[in-house]
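A.B. asks: Sharing a structure with you now.
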Ligand code: WQD
């Protein structure tokens, strides 16, 4: 009998890469997505698709009348800046949505959930690289919702025996090297898609948010992790929990950082285009640098990133934007 996996948010950018990874592991995959940011182009014919919303408690309960060996939960809003303007939307979609999911899971036989958490739970770094023991002090409401959900998962482990993996992504980037996933984010705010839109002529120029940070070139440094590397960590975390019945909280990053200008220069090299940008003031809440220690993921799962060098991140992204290039 094939392992049955439910991917909530499986039509999204990261979700579709997770779906592909579980399909390649010969699992029976069901995608559940409200398509608010998920895209049809990201759906795989080999995976069953159910259009639905984690706000619909009855639909979720009906869904869980079927057997799932695990739930991969990636449905949630993720714009840190927006979360500070309309926190109620993030509380409702992220926290309440997860509560509805846990209610439906509790009534079923399913006892494994892999959750898309974020490095945003840490807030400003006290030391580097950030390991899982770093203080958790989110500085935006989005990061707060991710941490609150982690705490609910811990309680549902204690009360209902639902084992979890909370995977704290650093900066997800890149696309499937085989080009099977093509959905581009609409109105992106993250650095690499913004740079790609400039390269593809979709926007005139971009802003570099500050070049007066205490970093080698003055611009912000982040730990960019390839989305396919993230996806393999989801499969490995599921397999680990299935074997050990132990819950996990893991950082997923490379342990290395790249600056904004590093990314722009790499994009100019790969695309052969000169990219217009102007230096503006810092963005509120931006730390100078953030990069992960993923030693725990290596030790526990044997996971290490293989596609997350800057060239691969930019090249695999450009392969999707290049198609849109006017010339
Ligand atoms: C990266 C760097 C910016 C855009 C965010 C969320 C976090 C997580 C990852 C989900 C920074 C600079 C960016 C631009 C720029 N999301 N930048 N001009 O802020 O590290 O993290 O995405 O889990 O929760 O907060 O990512 O891509 O926005 O910024 O100069 O137009 O690029 O200042 O140094 P960030 P980002």
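The values are calculated or read from the model by the stated rules, or taken from the named source; none is laboratory data. Not measured: the values here are computed from a predicted model. Positions of Cβ are backbone-derived with ideal geometry, glycine not excepted, and every protein chain shown enters the neighbour counts.
A.B. asks: Looking at this structure, is residue 110 part of a loop (DSSP other than H, G, I, E, B), in contact with a strand residue (DSSP E or B) (Cβ under 9 Å, 6 or more places away or on another chain), farther than 30 Å from residue 267 by Cβ and not assigned by TED's automatic domain parsing to the domain that holds residue 309?
C.D. replies: Values: part of a loop (DSSP other than H, G, I, E, B): yes; in contact with a strand residue (DSSP E or B) (Cβ under 9 Å, 6 or more places away or on another chain): yes; farther than 30 Å from residue 267 by Cβ: yes; not assigned by TED's automatic domain parsing to the domain that holds residue 309: yes.
In short, yes.
A.B. asks: What is the number of the single condition among (1) surrounded by fewer than 18 Cβ atoms within 10 Å (Cβ to Cβ); (2) modelled with pLDDT of 95 or more; (3) within 18 Å of residue 116 (Cβ to Cβ) that residue 62 does not meet?
C.D. replies: (3)
A.B. asks: Sticking with this one: Say whether the condition of being more than 16 Å from the ligand (Cβ to nearest atom), assigned to a loop (DSSP other than H, G, I, E, B) and in the same structural domain as residue 55 (by TED's automatic domain parsing) is met by at least one residue in the stretch 119-129. Steps first, answer last, please.
C.D. replies: Looking only at the stretch 119-129, we keep the residues that are more than 16 Å from the ligand (Cβ to nearest atom), and these are 126-127.
In the following step, the residues that additionally are assigned to a loop (DSSP other than H, G, I, E, B) were identified as 126-127.
Right, trim to in the same structural domain as residue 55 (by TED's automatic domain parsing) and you get 126-127.
Yes.
A.B. asks: Tally time: how many residues in the stretch 288-298 are under 29 Å from residue 236 (Cβ atoms) and either in a loop (DSSP other than H, G, I, E, B) or not assigned by TED's automatic domain parsing to the domain that holds residue 207 (or both)?
C.D. replies: Of the residues in the stretch 288-298, 4 are under 29 Å from residue 236 (Cβ atoms) and either in a loop (DSSP other than H, G, I, E, B) or not assigned by TED's automatic domain parsing to the domain that holds residue 207 (or both).
A.B. asks: Check the stretch 153-169 and report whether any residue there is within 28 Å of residue 23 (Cα to Cα) and assigned to a loop (DSSP other than H, G, I, E, B).
C.D. replies: Yes - at least one qualifying residue is present in the stretch 153-169.
Okay, residues lined up against (1) surrounded by 20 or more Cβ atoms within 10 Å (Cβ to Cβ); (2) out of contact with any helix residue (DSSP H, G or I) (no Cβ under 8 Å at 6 or more places or on another chain); (3) closer than 21 Å to residue 237 by Cα:
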residue: 107; (1), (2), (3): no, no, no
residue: 124; (1), (2), (3): no, yes, no
residue: 131; (1), (2), (3): no, no, yes
residue: 135; (1), (2), (3): no, yes, no
residue: 141; (1), (2), (3): yes, no, no
residue: 161; (1), (2), (3): no, yes, yes
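A.B. asks: Show me the strands (runs of 3 or more DSSP E) found entirely inside the stretch 182-286 where at least 2 residues are near the ligand (Cβ under 10 Å from one of its atoms), at pLDDT 95 or above and in contact with a helix residue (DSSP H, G or I) (Cβ under 6 Å, 6 or more places away or on another chain).
C.D. replies: Correct list: 206-209.
A.B. asks: Need the failing condition index for residue 97 against (1) more than 15 Å from the ligand (Cβ to nearest atom); (2) over 18 Å from the mean Cα position of the chain (by Cα), just the number.
C.D. replies: (2)
A.B. asks: With touching a residue at least 60 places away in the same chain (Cβ under 8 Å) and out of contact with any helix residue (DSSP H, G or I) (no Cβ under 6 Å at 6 or more places or on another chain) as the only criterion, which of 63, 43, 6, 102 stands out?
C.D. replies: Being touching a residue at least 60 places away in the same chain (Cβ under 8 Å) and out of contact with any helix residue (DSSP H, G or I) (no Cβ under 6 Å at 6 or more places or on another chain) holds for just one of 63, 43, 6, 102, which is 6.
A.B. asks: Taking the conditions exactly as written (within 13 Å of the ligand (Cβ to nearest atom) and either in contact (Cβ under 8 Å) with a residue 24 or more places away in the chain or crowded, with 19+ Cβ neighbours inside 10 Å (or both)), does residue 171 satisfy them or not?
C.D. replies: Spelling it out, residue 171 is indeed within 13 Å of the ligand (Cβ to nearest atom) and either in contact (Cβ under 8 Å) with a residue 24 or more places away in the chain or crowded, with 19+ Cβ neighbours inside 10 Å (or both).
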